[in-house]
1. Taking only protein heavy atoms and a 1.4 Å probe, what accessible area per residue, in Å², does the range 191-267 have with all protein chains in place?
2. What does the accessible area per residue of the range 17-58 come to in Å², with a 1.4 Å probe and no ligands, DNA or RNA counted?
3. Quick one: grab the alpha carbon gyration tensor of the range 218-282, order the square roots of its eigenvalues as a ≥ b ≥ c, and give me rounded if a/c is under 1.5, else prolate or oblate depending on whether a/b is larger than b/c.
4. Which translational diffusion coefficient, to the nearest whole µm²/s, is obtained for the range 53-119 from the Stokes-Einstein equation, given a Kirkwood hydrodynamic radius over C-alpha pairs, 4 °C and 1.567 mPa s?
5. Mind checking the alpha-carbon convex hull of the range 15-69 and giving the volume per residue in Å³?
6. Using mean Cβ contacts within 10 Å as the protection proxy, how do 77-88, 60-71 order, highest first?
7. How large is the accessible surface of ASP12 in square angstrom, using a 1.4 angstrom probe and rounding to the nearest 10?
8. Treat the range 215-346 as a sphere of radius equal to its Kirkwood radius over Cα pairs and apply Stokes-Einstein at 20 °C in a medium of 1.002 mPa s; give the translational diffusion coefficient in µm²/s, rounded to a whole number.
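The values are calculated or read from the model by the stated rules, or taken from the named source; none is laboratory data. The structure presented is a predicted model; accordingly, all values stated were derived computationally and were not measured. Cβ placement follows ideal geometry from the backbone for every residue including glycine, while neighbour counts extend to all protein chains displayed. The protein model used for the area step is the full one, side chains on, heavy atoms only, and it has no ligands, DNA or RNA in it. Shrake-Rupley method; radii C 1.70, N 1.55, O 1.52, S 1.80 Å.
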Amino acid sequence: MRRLVFVTQQVDPGHPALAATVAKITALAELVDELVVLADGIVPEALPANARAHSFRARAKAARGLRFETALARELPGLRGGAVVAHMSPIYAVLAAPLVRPLSVPLVLWFTHWRASRLLRLAERMSTAVVSVDERSFPLRSLKVHAIGHGIDLAEFPCLDARREDGELRLLALGRYSPAKGLDVVLRAVAAVGEGVRLEVRGPALSEEERAHRAELSLLAAELPLEGRAELGDALPREHVPALLAHHDALVNNMRAGAPDKVVYEAGAACRPVLASNPVFDSLLDPAQLFARDDPGELAERIRGLVGLGAEGRAELGRTLRERVEERHSVQSWARGILRAAGMVP
């Protein structure tokens, strides 16, 4: 029996930031006989039929660590020929390594973020393999890194053409209100373009820093000559995101380099053109869709370029992006990449 243990933070299709993990779990479950999920929070109804789950939730950090190691230790007898996957949190790999590595059970770390911490360096050393979207989306130089794409559920994001007669270009920015998102540059670019372009921002503010930054952005939007053409809104449930994308003409993403936002790939899956600053997107986007992160003038030129394409040109560009996402970033290809990195498939 091929068994895989998958360790993550939340298994919750309604989570404002981590809902996409459910599709990844489902894709992995389709490739193994049994999937065991260890997580802090679990919605049991979201699990596939061949999956079991254990929560290690506790008030104290030490108690969470102990509950995690206890749950993992119980699964070790059935892990011969299987593997353990630590999803995004390096601490899971560090805690799992002393239990699984002496038994020659592969330990795979999935990580895609710009922050290189001492904990991440330790996790990289203790893992058998590291998987990320791209070699550049893992912040450390390592021969262990496998680039496997981002894992987008294309069935969740149908290709829908934007059908409106108002003549406006509607831009969308999605994600947390973090300073790393560069939303101030996006607001300045939209102001520079002028009439005929609107921006809607949707996302959660999950920390004090993010709530303060959202307030700063609101002040900036009021100061710029936007005349109400920018809306800073709350996060929507994940099931509403495909319809939100369909209501807009393009996505704008100004996340700092090193962390390729999955929303860029989701927008591409939905046949929406994307403007982005992260160089890691150079394999997905054409040069005319890329801009310098701190240059609102260049972003304004890219926006004018989308206006110039017209509705048909934007639709054609969107269909090209969907083809690229399907080829390189589907959740099915992501799951196969995980198992290849673990040595479970050729």
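1. About 43 Å² of surface per residue is accessible.
2. On a per-residue basis, 37 Å².
3. Oblate is the answer for the range 218-282, as a/c is 1.5 or above yet b/c matches or exceeds a/b.
4. Estimated diffusion coefficient is 101 µm²/s.
5. Once divided by residue count, the hull of the range 15-69 is 83 Å³.
6. 77-88, 60-71
7. Only protein atoms counted, so the area is about 40 Å².
8. 130 µm²/s
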